[in-house]
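**Q** To start, I am sharing the structure in question, which I have written as structure tokens.
The values are calculated or read from the model by the stated rules, or taken from the named source; none is laboratory data. All figures in this text were calculated on a predicted structure; none of them were measured in a lab. Here the Cβ positions follow ideal geometry from the backbone for every residue, glycine too, while neighbour counts run over all protein chains shown.
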Amino acid sequence: DTGVSQNPRHKITKRGQNVTFRCDPISEHNRLYWYRQTLGQGPEFLTYFQNEAQLEKSRLLSDRFSAERPKGSFSTLEIQRTEQGDSAMYLCASSLDPTPETQYFGPGTRLLVL
Amino acid sequence: AQSVTQPDIHITVSEGASLELRCNYSYGATPYLFWYVQSPGQGLQLLLKYFSGDTLVQGIKGFEAEFKRSQSSFNLRKPSVHWSDAAEYFCAVGPRGGADGLTFGKGTHLIIQP
């Protein structure tokens, strides 16, 4: 069990560029979550996968955001046409059925949009 | 809608003194309750969780928390803090009956005085 990993750890981009983040969950964890954390705030839920199926999306997830988990293992979060307001820490968490569940978080990807 | 309130944005405690961090939640039923700790630039580490049963739960690093249904509270305590406890602490609630995103409070920043 190596924990949840996220890459890259830091990303600086210019406004209007596309960025993609990767999350590798704990092995055999079938649930995967994405959260966004802005400065001075707690994490806010973005979306959730059960295996490869995306089952829930927050209203925070605008049309510029897309997430995938093609084989039910790692996941990617893409932001298109980045805006300065997208600057945040993007956290990934994974958990294992059944309920009740405990979510284990990765170290996060810090995005800065200039 | 569910919500979590952490009334104290900052708390300063002397090393060796006791600590209590407050957490109040609003939820339609008894939720699952969590405390996470976040060091600067890092992801979240689970300290403890409450699902059911004994309302006093023990966690890692000498922390404990008590669930009080009548007060909708889940306060975190530690009898004697160490300088390494300086960090951001987040209380979170999760729904019963299935997986879903956690709802976090805004966090309490713990400062340890020598």
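**Q** In the range B:66-85, what residues are surrounded by fewer than 17 Cβ atoms within 10 Å (Cβ to Cβ) and in contact with a Leu (Cβ under 9 Å, 6 or more places away or on another chain)?
**A** Within the range B:66-85, B:GLU66, B:ARG77, B:PRO79, B:SER80 qualify.
**Q** Let me ask something additional. Evaluate the range A:6-14: report whether one residue or more is more than 15 Å from the chain's Cα centre (by Cα), surrounded by 14 or more Cβ atoms within 10 Å (Cβ to Cβ), part of a loop (DSSP other than H, G, I, E, B) and of a type outside the set (D, E, K, R).
**A** No, the range A:6-14 has no match at all.
**Q** Also, I was wondering about something else. Restricting attention to the range A:18-57, report how many residues are surrounded by 13 or more Cβ atoms within 10 Å (Cβ to Cβ) and in a loop (DSSP other than H, G, I, E, B).
**A** Residues that pass the stated criteria total 10.
**Q** Could you please give the count of residues in the range A:3-55 that are of a type outside the set (Val, Ile, Thr), within 12 Å of another protein chain (Cβ to nearest Cβ) and over 23 Å from A:GLN84 (Cβ atoms)?
**A** 14
**Q** Right, something else. Run down B:VAL37, B:VAL81, B:VAL57 and say which single residue is modelled with pLDDT of 95 or more and farther than 23 Å from A:SER95 by Cβ.
**A** B:VAL81
**Q** Also, I was wondering about something else. Return the only residue of B:PHE51, B:PHE63 being within 11 Å of chain A (Cβ to nearest Cβ) and either crowded, with 16+ Cβ neighbours inside 10 Å or over 12 Å from the mean Cα position of the chain (by Cα) (or both).
**A** B:PHE51
**Q** Sticking with this structure for a sec: Restricting to strands (runs of 3 or more DSSP E) lying wholly in chain B: which have 1 or more residues that are free of Cβ contacts under 8 Å to residues at least 60 places away in the same chain and either in contact with a Cys (Cβ under 8 Å, 6 or more places away or on another chain) or of a type in the set (A, V, I, L, M) (or both)?
**A** Fully inside chain B and qualifying: B:32-38, B:44-50, B:56-58, B:64-68, B:73-78, B:87-94.
**Q** Could you list, in sequence order, the residues of the range A:73-89 that are small (Gly, Ala, Ser) and buried (at least 20 other Cβ atoms within 10 Å of the Cβ)?
**A** Correct list: A:SER75, A:ALA88.
**Q** Working only within the range B:97-114, note down all residues that are modelled with pLDDT of 95 or more, facing chain A (nearest Cβ under 7 Å) and surrounded by fewer than 20 Cβ atoms within 10 Å (Cβ to Cβ).
**A** Scanning the range B:97-114 gives a single hit, B:LYS106.
**Q** Further question: Step by step: first the residues of the range A:58-86, then only those that are closer than 16 Å to A:ASN7 by Cα and either part of a loop (DSSP other than H, G, I, E, B) or in contact (Cβ under 8 Å) with a residue 60 or more places away in the chain (or both), then the one that is nearest to the other protein chains (Cβ to nearest Cβ). Which residue is that?
**A** Top of the filtered list is A:ARG69.
**Q** So in the range A:87-96, with the set limited to residues that are outside any loop (DSSP other than H, G, I, E, B) and out of contact with any Asp or Glu (no Cβ under 6 Å at 6 or more places or on another chain), which one is farthest from A:GLY16 (Cα to Cα)?
**A** Here the residue is A:SER94.
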